[in-house]
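Reviewing the structure listed below.
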Amino acid sequence: MVRRAVADSFRKLHPRVQARNPVVFVVLVGSVLTTVLFVRDLPSATAAQSVFNGLVTAFLWFTVLFANFAEAMAEGRGKAQAAALRGGRAATTARRRTPGGTEEVPATELAVGDVCLVAAGQTVPGDGDVVEGVASVDESAITGESAPVIRESGGDRSAVTGGTRVLSDEIAVRITAPPGRTFLDRMIAMVEGAERKKTPNEVALNILLAGMTAIFLLAVATLQPFAAYSGAEQSVVVLVALLVCLIPTTIGALLSAIGIAGMDRMVQRNVLAMSGRAVEASGDVDTLLLDKTGTVTLGDRQAGDLVPMPGVTDAELAAAALAASRADTTPEGRSIVRYASERHGAGADAGTAAGEPVPFTAETRMSGMDGERVSIRKGAADAVRTWVEGRGGRVPDALDAAVGRISATGGTPLAVASADGDGARVLGVVHLKDVVKPGMRERFAHMRAMGIRTVMITGDNPRTARAIADEAGVDDVLAEARPEDKLALIREEQARGAMVAMTGDGTNDAPALAQADVGVAMNTGTQAAKEAGNMVDLDSDPTKLIEIVGVGKQLLITRGALTTFSIANDVAKYFAIIPAMFSGVLPALDALNIMGLSSANSAILSAVVFNALIIVALIPLSLRGVRMRAGTAAATLRRNLLVYGLGGLIAPFIGIKAIDLVLTALGVS
Ligand SMILES: Nc1ncnc2c1ncn2[C@@H]1O[C@H](COP(=O)(O)OP(=O)(O)OP(=O)(O)O)[C@@H](O)[C@H]1O
Ligand SMILES: [K+]
Ligand SMILES: [Mg+2]
């Protein structure tokens with residue numbers, strides 16, 4: 001990896017690459033200039049002068065190369081990972097469905113909307129949503145996790161990724177991404193940094209650094225007339241050396257490496273950040289919104305009980321629930337069919353006329369069927385109540401009692417109602433059971449300690465929401481939320497200045513994921529959710545946000561610390577070079593030579609050498625990030641100013657003096 005980074009450092013010398021970084025570009029121009037002067041003066045200059053010119057030139061080139069090396073090292077890990085991912089992407093053929101049957105086609109010829117059949121042992125040919133069937137899938141090619149996961153049509157676990165392998169059963173997959181733009185392709189581009197754009201913060205910092213560079217350029221250029229006046233005209237090599245020492249080369253050289261390394265630290269935690277901007281934003285998150293099902297809970301909502309209303313028999317309720325769920329492909333719908341068939345026989349709804357299915361939407365929060373004589377609905381209790389009352393029906397008090405009992409345990413109550421010529425009535429309630437994921441409470445407490453407010457938003461009723469919220473330990477809940485309510489809540493938080501992160505998995509979460517500053521989609525979620533967010537968590541762990549925030553904060557703090565160090569650092573070089581330049585003519589300036597450097601040339605050379613070496617010395621810190629300790633932001637800032645500001649001020653005095661001693665001992669100057 002180091003060898004490749006060294007080769008890349010030379011490859012990056014291309015002016016078009018260098019022009020992206022104003023500080024390093026100025027050093028590059030300086031290097032070219034001193035090289036020309038070194039060669040030009042070679043015949044006329046004294047040997048000592050040529051050695052000086054040659055060494056200054058060499059270390060200016062090293063400065064540029066070290067900056068390139070830092071970036072190449074940061075990119076290295078991603079490139080290795082991309083190569084591994086590419087290796088796993090074997091050519092696959094797909095069994096595409098045609099009007100008459102199926103046909104074999106190469107996966108690269110699939111178009112969006114095609115439906116393919118994938119059986120046990122076969123590789124999923126492209127990204128898509130499962131439209132029929134349930135299967136266990138090995139996603140280790142993408143997540144590195146070998147335990148199989150369940151993918152099924154309908155609900156929030158319908159997305160499959162090209163390159164993963166079906167282990168059991170057969171599924172039909174509707175392709176959602178064109179070849180070349182699949183998740184794996186994007187993942188490769190991402191870890192490789194091919195799509196890396198400068199973040200707004202990086203752009204701002206670059207402008208600041210470019211401004212400082214321009215000011216020092218002006219200062220150094222106007223120094224010459226004064227120097228000439230006082231009889232100490234300086235060589236261009238010395239002026240270039242002074243300029244390079246004064247401009248913020250340290251942070252200029254390391255800035256992009258710090259950003260790339262931050263992205264890479266996300267990848268190491270199995271989080272794919274689609275932009276550096278998202279990584280930065282995660283460092284400032286103060287509100288986290290989570291959906292309930294599949295995020296806070298395991299999301300495997302299964303029918304576990306049927307509660308009939310007074311005057312309704314068990315069989316009647318089961319028949320209605322079954323009829324309303326026959327065409328419902330969501331996991332909830334299928335679990336009702338399973339449960340009712342087990343208890344009351346597969347044909348329990350034989351007496352109920354079939355009809356047109358009414359699919360579930362997050363908007364209506366109901367599903368069911370419309371027959372010729374009778375309509376049936378099942379869904380959120382408040383939605384069903386409105387439906388029944390709208391048809392002149394009266395809702396029994398027993399409904400509230402049943403809903404309350406189920407909700408109190410964190411279960412989801414689905415009310416079942418029917419309407420015919422005689423009016424509408426509630427038949428009973430289906431109890432969907434779900435379980436809070438283990439370890440949630442500790443994780444949310446940790447977030448609270450980091451100053452992050454957690455809000456659970458769910459389409460479920462307020463009592464279920466409250467029960468789950470209390471069990472999981474989130475700070476606040478928003479219940480009975482439709483997609484636009486989720487969106488409105490995020491806008492509201494953002495309007496009062498909060499940085500909002502959202503984790504979710506459903507298609508109904510997609511608008512909110514897109515609106516949030518940091519939108520983390522669960523890998524188990526739907527394609528729509530993954531498209532909308534700016535991060536995907538391959539482990540589908542909502543509390544991963546703690547680590548995401550940690551990485552973001554570390555990125556911001558590392559960048560701040562090294563910027564402080566870089567600027568403080570340049571002050572000392574001023575004390576090395578200015579006295580050296582004028583030592584002959586202005587003895588008063590010798591007071592500035594507090595380092596007691598041996599000669600003018602040695603002082604200047606030592607400063608240039610130190611300026612180059614400090615970049616290499618700080619590469620490990622840039623890649624690893626500064627160590628994070630618990631504490632408030634203000635305390636961290638104070639500590640960093642002390643360590644990196646003061647350290648940056650003192651380090652060069654020691655370093656330059658040491659280099660001066662070595663150079664003198666070697667007899668170089
Ligand atoms: N298949 C279905 N048929 C009828 N009603 C349903 C179905 N699935 C869910 N519901 C009802 O709709 C409500 C909202 O749906 P859903 O749970 O998907 O919302 P959500 O906003 O994604 O919240 P969550 O955080 O629970 O995922 C559920 O609480 C339930 O009452
Ligand atoms: K510098
Ligand atoms: Mg959901």
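The values are calculated or read from the model by the stated rules, or taken from the named source; none is laboratory data. Here the structure is a predicted model, which means the values were calculated and not measured. Cβ placement follows ideal geometry from the backbone for every residue including glycine, while neighbour counts extend to all protein chains displayed. Each accessible area value is taken on the protein alone, full model and side chains, heavy atoms only, with ligands, DNA and RNA left out. Shrake-Rupley method; radii C 1.70, N 1.55, O 1.52, S 1.80 Å.
Which helices of the chain meet both criteria: a Cα extent of 20 Å or more along the helical axis and a mean Kyte-Doolittle score no lower than 0.0, with helices taken as whole DSSP H segments? Before the final figure, lay out the partial values.
Values: long enough: 22-41 (28 Å, 1.92); 47-87 (55 Å, 0.61); 200-229 (45 Å, 1.33); 249-268 (29 Å, 0.98); 545-582 (56 Å, 1.07); 600-624 (37 Å, 1.84); 647-666 (28 Å, 1.74).
What comes out of the filter, once short or polar helices are dropped, is 22-41, 47-87, 200-229, 249-268, 545-582, 600-624, 647-666.
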Among Val24, Ser44, Leu55 - extreme Cα towards positive end, dipole of segment 1-77, charges at beta-carbon: Val24
In what sequence, highest mean first, do 502-513, 296-307, 111-122 appear when ranked by Cβ atoms within 10 angstrom? 502-513, 296-307, 111-122
Per-residue SASA entry for Arg40, accessible area with 1.4 Å probe, Å² rounded to 10: 150
Kindly rank 432-440, 226-234 from highest to lowest mean number of other beta carbons found within 10 Å of each residue. 432-440, 226-234
Given +1 on the Cβ of Lys and Arg, -1 on the Cβ of Asp and Glu, and no further charges, what dipole in debye does segment 367-520 carry about its Cα centre, rounded to the nearest 20? 240
Taking all protein chains in place and a 1.4 Å probe, what share, in percent, of the accessible surface of the chain do carbon and sulfur account for? 60
Express as a percent, rounded to the nearest 5, the fraction of DSSP beta bridges in the chain (both residues included) that run antiparallel. 75
Accessible area (Å², per residue) of segment 209-331, counting only protein heavy atoms and a probe of 1.4 Å: 33
With the contact rule set at Cα under 8 Å and sequence spacing of 6 or more, what percent relative contact order holds for the chain? 14
How large is the dipole of the chain about the Cα centre if only Lys and Arg carry +1 and Asp and Glu carry -1, each at its Cβ, rounded to the nearest 20 debye? 2160
Considering the dipole of segment 72-230 built from charges on the beta carbon (Lys and Arg +1, Asp and Glu -1) around the Cα centre, which of Met190, Ala107, Ala214 is farthest to its positive end? Ala214
Select from Val296, Leu322, Ala350 the residue farthest towards the positive end of the dipole of segment 259-351; place +1 on Cβ of Lys and Arg, -1 on Cβ of Asp and Glu, and compute about the Cα centre. Val296
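For every helix of n ≥ 4 consecutive DSSP H residues, a contribution of -39,500 (n - 2.57) applies; sum these over the chain, divide by its total residues, and give [θ] at 222 nm rounded to the nearest 500 deg cm²/dmol. Mind showing how you got there, number by number?
Details: 23 runs with 342 residues, N = 669.
Only helices count here, giving -16500 deg cm²/dmol.
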Treat every Asp and Glu Cβ in segment 134-269 as -1 and every Lys and Arg Cβ as +1, leave all other atoms uncharged, and give the resulting dipole magnitude about the Cα centre to the nearest 20 debye. 260
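Could you work out the Kirkwood radius for segment 223-348, taking every pair of different alpha carbons, averaging 1/r and inverting it, reported in Å?
22.0
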